[in-house]
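Every number here is computed from the coordinates shown, using simple stated rules; none is lab data. The shown structure was predicted, so the numbers you read here are calculated from the model rather than taken from an experiment. Because the Cβ atoms are built from the backbone with ideal geometry, glycine has one as well, and the counts that use them run over all protein chains shown.
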């Protein structure tokens, strides 16, 4: 399961908002261009932020066009000899924010409740002994945990059963008991209850 880094997207939006506020304040104060002595070096800092946003877009699967838009904006900002005024910087920032918002809104995300976060992408969901003893079952064990994390308990049972199918028939007596014990300890198995 691919995990979305919502905290990093929040960092990008917060940083873009900070620079937007700086540019807006400069315009309000009648300052048109960043001072060459400004320690923050707005143009360089914003270009660096666009580079981080570009890498984020590629990593999380946002559209290639979105990533390319950010990279082109970054390239414009780092062009030798070209100084941007606050108005031009603001235009670049607003375009980047709009593109990131659009990309974010065009994807669906699933929230994982805190009680299930430890089951996401976990290869040893039923313990190290089970994963070690049944290496071929690890992908289904991982998927069972992912299904459980997003509330798909039927699919979690399906993947758990596939993990059990990975057991060789001659090891069912001994190694299956380790597996079933782990299931009971994790609260997945147990005696059926009569209604």
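Here is a yes/no grid of residues against (1) in contact with a helix residue (DSSP H, G or I) (Cβ under 9 Å, 6 or more places away or on another chain); (2) surrounded by 13 or more Cβ atoms within 10 Å (Cβ to Cβ):
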site: 15; (1), (2): yes, yes
site: 28; (1), (2): no, no
site: 40; (1), (2): yes, no
site: 55; (1), (2): yes, yes
* Asked: Out of region 86-137, which residues are surrounded by 18 or more Cβ atoms within 10 Å (Cβ to Cβ) and more than 20 Å from the chain's Cα centre (by Cα)?
  -> 86, 89, 90, 92, 93, 125, 126, 130, 131, 134, 137
* To do: Return yes or no: is residue 112 assigned to a helix (DSSP H, G or I), over 30 Å from residue 44 (Cβ atoms) and either in contact with a helix residue (DSSP H, G or I) (Cβ under 8 Å, 6 or more places away or on another chain) or without any contact (Cβ under 8 Å) to a residue 60 or more places away in the chain (or both)?
  => no
